[in-house]
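Worksheet: the structure to be examined is printed underneath.
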Amino acid sequence: MANAYPVRSNLRQRAFMTASFVLSSVTLLALGLIPSAQAQHPYYEPASAEAFATHNPFAPLSPQLLFPSPTPTLIVAGDTSCALDHQARLSCTGPGVTEPPTSTPIATIAAGADHICALDITGSVHCVGDRSHHQLALPADVYVDLALGERFSCALTANSRVRCAGTHPQGPMTSPQGTFRQLITTDHHACALRNSGEVYCWGAAQDNALSPPQGPFVNLVKAHHRLCAQRPDGVTLCWGHPNSHSP
């Protein structure tokens with residue numbers, strides 16, 4: 001019995017030291033002084049918009065540019081192909097392709113009949129492939145979205161303007177006037193959602209493609225080779241083919 005009290009005292013001392021260590025660790029973790037395992041994510045695979053914004057060295061211009069494109073990705077248009085690696089960096093091959101791989105992650109990539117364009121998260125456009133219809137000649141600007149047709153390219157600028165380059169079967173693909181918030185294309189025409197909520201379409205006039213219903217609308221989508229617009233009440237209206245009013 002002479003050793004009972006020292007043993008009990010040592011056990012109490014060890015328990016106190018263990019509890020103090022756990023409490024200190026929890027406190028430091030809560031204050032962010034110890035990095036947690038859940039907070040450590042690869043740069044190209046963020047867990048949240050907040051985490052990506054923390055690691056992203058570029059200031060996102062819009063929600064469309066916040067996250068890199070899904071990777072890895074391979075896209076082919078005619079004799080030209082482009083691939084995105086696991087860090088969303090772009091590399092392309094094909095006749096006349098001399099551009100080196102990008103160092104900036106790609107947010108959006110699209111293909112026409114024989115050309116490919118990609119938009120990186122800083123708002124720069126990279127286009128390769130056939131240029132016989134001037135479809136690669138988008139003017140230098142800061143863009144937030146892009147969409148391609150068969151032989152044309154269109155992109156939405158950071159100040160809500162649409163710029164186009166290339167041709168459609170009935171002539172050159174012009175750039176519309178006004179301000180827009182969304183852009184969508186088919187092979188031969190494009191439509192954009194104005195800031196007012198109305199839809200404007202231009203390009204080849206085929207199958208009522210340039211006659212969208214009256215808005216206002218809040219979103220544009222492509223469904224079964226037709227373009228559709230969603231009203232604020234959730235109703236969707238489509239056009240581009242006779243007797244087509246729903247997706």
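The values are calculated or read from the model by the stated rules, or taken from the named source; none is laboratory data. Everything numeric here is computed off the predicted structure, so don't read it as measured data. So basically every Cβ, Gly included, is an ideal-geometry build from the backbone, and we count neighbours across all protein chains shown.
Considering T122, T108, the condition of being part of a strand (DSSP E or B), of a type outside the set (G, A, S), surrounded by fewer than 23 Cβ atoms within 10 Å (Cβ to Cβ) and assigned by TED's automatic domain parsing to the domain that holds V218 is satisfied by T108 alone. Identify, by number, the condition in (1) touching a residue at least 40 places away in the same chain (Cβ under 8 Å); (2) touching a Gly at 6+ places or on another chain (Cβ under 9 Å); (3) of a type outside the set (V, I, T) that G240 doesn't meet. Here G240 meets the rest and fails (2). Residues of segment 128-143 that are surrounded by fewer than 23 Cβ atoms within 10 Å (Cβ to Cβ) and under 16 Å from the mean Cα position of the chain (by Cα): V142 alone. So which residues in segment 203-222 are within 24 Å of the chain's Cα centre (by Cα) and more than 23 Å from G234 (Cα to Cα), if there are any at all? None - no residue of segment 203-222 is within 24 Å of the chain's Cα centre (by Cα) and more than 23 Å from G234 (Cα to Cα), so the list stays empty.
Across segment 179-199, what is the total count of residues that are more than 19 Å from Y143 (Cα to Cα) and surrounded by 15 or more Cβ atoms within 10 Å (Cβ to Cβ)? Number of matching residues: 7. Criterion applied to G123, G166 was being out of contact with any helix residue (DSSP H, G or I) (no Cβ under 9 Å at 6 or more places or on another chain) and of a type in the set (G, A, S), and the one residue passing it is G166.
If the condition is being assigned to a strand (DSSP E or B) and either surrounded by fewer than 18 Cβ atoms within 10 Å (Cβ to Cβ) or modelled with pLDDT under 90 (or both), then segment 85-105 contributes S91, T93. Residue check: L237 meets all listed conditions (1) within 25 Å of C117 (Cα to Cα); (2) surrounded by 16 or more Cβ atoms within 10 Å (Cβ to Cβ) but one, namely (1).
As for segment 152-170, it holds no residue that is surrounded by 21 or more Cβ atoms within 10 Å (Cβ to Cβ), among the β-branched types (V, I, T), at pLDDT below 95 and within 18 Å of the chain's Cα centre (by Cα).
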